[in-house]
Structure formats: structure tokens, C-alpha cells
Amino acid sequence: MKIWKLWAKALGEKATSDDKESDHIARLRTVIFLTYLITNICIVAGVIRHWNDKTEVYVEIMMEEPVVPNLLIKNQRGEFE
């Protein structure tokens, strides 16, 4: 029973002067805490699982006319034509 009192104090101050009602509120706070904890564990597990995925993305571009790069050619004096 001492552990429960410590846990209830760790959750926050006593909600009411009635011990029974305060215990119910402490149980509700415990459920809320556990849902936060489980959610965070799932998020961290998903991040760790996908930490270093080697996914490759291929993009294919279909064009009607071929693209010819505009190449600049140096002449003998080192100037671009």
C-alpha cells in the first residue's frame, strides 16, 4: 500500500480531501500516463525500426523531344564560343 501512496503522490497533489475519490483520480491519471508511455514507446520503436532504411527512388521522365545540353566549347585562346 505504501507504493500506491508514493505513486499517487508522484502523479500530482491529492485531488480531493476524500481518500476514495482521490484514489479514483489517481487511477485515472495512471491510465492516462500509461497511454502516453505506450504511445511514446511505439513512436520510438518505429523510428528505430526505420532508422537506416535503404530505399531507392527511381524517377522516369518521359519527354517527346530529347533534351540536348547546351555545351560551351573553348576555343584555342581559352574563350567560350
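Coordinate-derived values only; no laboratory data. Owing to the predicted nature of the structure, the values given are computational and were not obtained by experimental measurement. Note: ideal-geometry Cβ built from the backbone for every residue, glycine included; neighbour counts use all protein chains shown.
Values as computed for the structure displayed
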item: Burial ordering of 18, 53, fewest other beta-carbon atoms within 10 Å first; result: 53, 18
item: Difference of contour (0.36 nm per residue) and Cα-Cα distance, residue 40 to residue 28; result: 2.5 nm
item: Theoretical gain in end-to-end length, residue 55 to residue 3 [0.36 nm per residue, Cα-Cα removed]; result: 13.9 nm
